[in-house]
């Protein structure tokens with residue numbers, strides 16, 4: 001069986017180091033290329049930049065269209081009667097006057113005529129695993145309550161609070177008390193402490209949830225619960241699933257042709273506290289939400305992100321999550337992909353799991369926490385070497401065409417993450433710096449500016465969706481806050497450069513130099529409340 005573990009840092013050499021260097025090398029090469037071409041041949045430089053800007057403009061236009069489609073689908077799926085649709089799957093009948101999606105009718109016909117359901121809905125057990133570090137009850141309680149508000153039978157849910165032993169005795173007491181408080185409302189509750197300093201583990205979420213996953217596995221074996229019945233959903237401490245999410249993922253699990261080789265990915269919306277953070281953080285959080293609406297429609301490139309669901313059977317076969325990387329969510333996709341020899345995919349669930357935007361107790365700490373979050377996300381470039389290692393240097397039966405396509409998307413995505421905003425904003429002005437009298441070089445900024453003007457009009461779609469996805473304004477804010485929620489988009493060029501390009505370049509450069517990021521930086525988030533003295537911010 002193929003070893004799917006990412007190599008330890010001191011074991012990475014040869015071809016592995018080459019592919020760790022590759023993303024950063026390509027990114028810096030792309031940044032340098034307009035300068036080099038301008039020195040060698042100004043016409044070639046101008047042509048290169050014009051084509052690059054045009055391609056990225058086309059991508060942005062397509063993403064704007066997709067974001068609207070994704071939003072409309074999400075809203076439609078939120079209105080669907082998922083519990084009733086589960087009953088219809090079992091009975092094999094849909095009321096004559098009931099309005100149902102075409103795919104549901106096909107699923108009912110398939111369940112009655114071709115492929116029986118995997119099991120009955122009442123046989124499915126959900127393990128909802130909440131990963132925690134030093135989070136307060138103010139964050140954890142709403143997350144647990146959100147799970148309890150599910151339309152799915154809560155007596156079929158095992159709530160697991162996976163907390164870090166290194167957080168101290170107070171956190172341990174809090175975890176045990178919370179699970180005891182809610183025990184009678186679930187099938188069961190478990191407070192599982194992840195011991196500190198386990199050999200071979202880096203400090204991160206992967207070690208925490210993997211340890212908890214193994215303990216849950218032991219729990220299931222003692223009670224003789226078939227792991228095929230169990231779906232595991234991982235949540236961060238601030239994640240609040242839509243009330244119909246567990247019902248919808250149950251539906252998807254039962255009708256999926258190959259459920260064991262699938263994971264289920266909801267739409268991450270960073271809107272829990274969207275009214276509270278500084279404007280730059282609100283722009284980034286809303287932009288991330290819109291990006292995930294787009295990703296939900298790109299099933300060919302969809303991967304695990306943050307909260308997701310996967311069958312316990314599959315987790316057993318992958319030895320749960322990686323304990324050697326800080327990007328365990330996206331990395332889990334590739335672990336599963338290679339464990340199952342390419343027979344694996346992430347399926348979209350068009351329902352939201354609401355998350356917090358970054359917010360610390362001071363403005364500067366918030367900016368730093370946001371950069372650390374993006375640094376962690378962009379460190380997913382480390383998967384380029386992992387993928388290449390297992391795809392091209394280890395024996396497998398996966399289609400070479402599929403391997404090449406996925407490798408290209410992975411590599412190109414991280415390079416574009418790093419250099420796209422830089423070249424889009426400044427690349428058109430580089431040739432004229434070298435050849436101020438060249439007509440082509442002189443006209444390029446004009447053409448690029450016109451394309452960017454049209455792009456600004458397209459950006460109106462983003463602002464529109466940003467407004468539509470906002471939760472109700474808290475009473476503590478006055479009406480003028482609505483105006484700021486629109487004006488904040490003036491920060492977009494700055495936030496894109498600093499928290500996308502610079503963070504990605506930072507992560508990729510560290511990979512190039514072998515300066516690995518071996519510690520999961522917990523993102524500062526906070527709860528804002530109003531007291532007689534004013535605003536209180538409780539740091540997590």
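Data table
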quantity: Residue selected from the range 357-379 under the condition touching a residue at least 12 places away in the same chain (Cβ under 8 Å) and in a loop (DSSP other than H, G, I, E, B), by the criterion surrounded by the fewest Cβ atoms within 10 Å (Cβ to Cβ); calculated: 361
quantity: Filter result (assigned to a helix (DSSP H, G or I), over 20 Å from residue 251 (Cα atoms) and out of contact with any strand residue (DSSP E or B) (no Cβ under 6 Å at 6 or more places or on another chain)) within the range 143-170; calculated: 144, 145, 166, 167, 169, 170
quantity: Sole residue being under 15 Å from residue 515 (Cα atoms), touching a helix residue (DSSP H, G or I) at 6+ places or on another chain (Cβ under 9 Å) and touching a residue at least 24 places away in the same chain (Cβ under 8 Å), chosen from 20, 5, 9; calculated: 20
quantity: Qualifying residue in the range 84-91 (condition: at pLDDT 95 or above, within 29 Å of the chain's Cα centre (by Cα) and either buried (at least 16 other Cβ atoms within 10 Å of the Cβ) or over 30 Å from residue 110 (Cα atoms) (or both)); calculated: yes
quantity: The range 246-285, subset out of contact with any helix residue (DSSP H, G or I) (no Cβ under 9 Å at 6 or more places or on another chain) and under 22 Å from residue 84 (Cβ atoms), residue modelled with the lowest pLDDT; calculated: 256
quantity: Filtered residue count, the range 59-81, keeping only those that are assigned to a helix (DSSP H, G or I) and either more than 24 Å from the chain's Cα centre (by Cα) or within 19 Å of residue 446 (Cβ to Cβ) (or both); calculated: 0
quantity: Among (1) under 30 Å from residue 226 (Cβ atoms); (2) part of a helix (DSSP H, G or I); (3) free of Cβ contacts under 8 Å to residues at least 60 places away in the same chain - the single one residue 288 does not satisfy; calculated: (1)
quantity: Residues of the range 511-520 satisfying the condition of being at negative phi and in contact (Cβ under 8 Å) with a residue 60 or more places away in the chain; calculated: 511, 512, 516, 517, 518, 519, 520
quantity: Lone unmet requirement of (1) buried (at least 23 other Cβ atoms within 10 Å of the Cβ); (2) in contact with a strand residue (DSSP E or B) (Cβ under 8 Å, 6 or more places away or on another chain) for residue 320; calculated: (2)
quantity: Residue 232 vs. criteria in contact (Cβ under 8 Å) with a residue 12 or more places away in the chain, in a helix (DSSP H, G or I), closer than 23 Å to residue 86 by Cβ and touching a strand residue (DSSP E or B) at 6+ places or on another chain (Cβ under 9 Å); calculated: no
quantity: Qualifying positions in the range 168-209 - in contact with a helix residue (DSSP H, G or I) (Cβ under 7 Å, 6 or more places away or on another chain) and closer than 20 Å to residue 8 by Cα; calculated: 196, 198, 201, 204, 205, 206
quantity: Lone qualifier among 456, 470, 487 - being assigned to a helix (DSSP H, G or I) and in contact with a helix residue (DSSP H, G or I) (Cβ under 9 Å, 6 or more places away or on another chain); calculated: 487
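The values are calculated or read from the model by the stated rules, or taken from the named source; none is laboratory data. A quick note: this is a predicted structure, and the numbers were derived from the prediction, not measured. All Cβ positions, glycine included, derive from the backbone under ideal geometry; neighbour counts span all protein chains shown.
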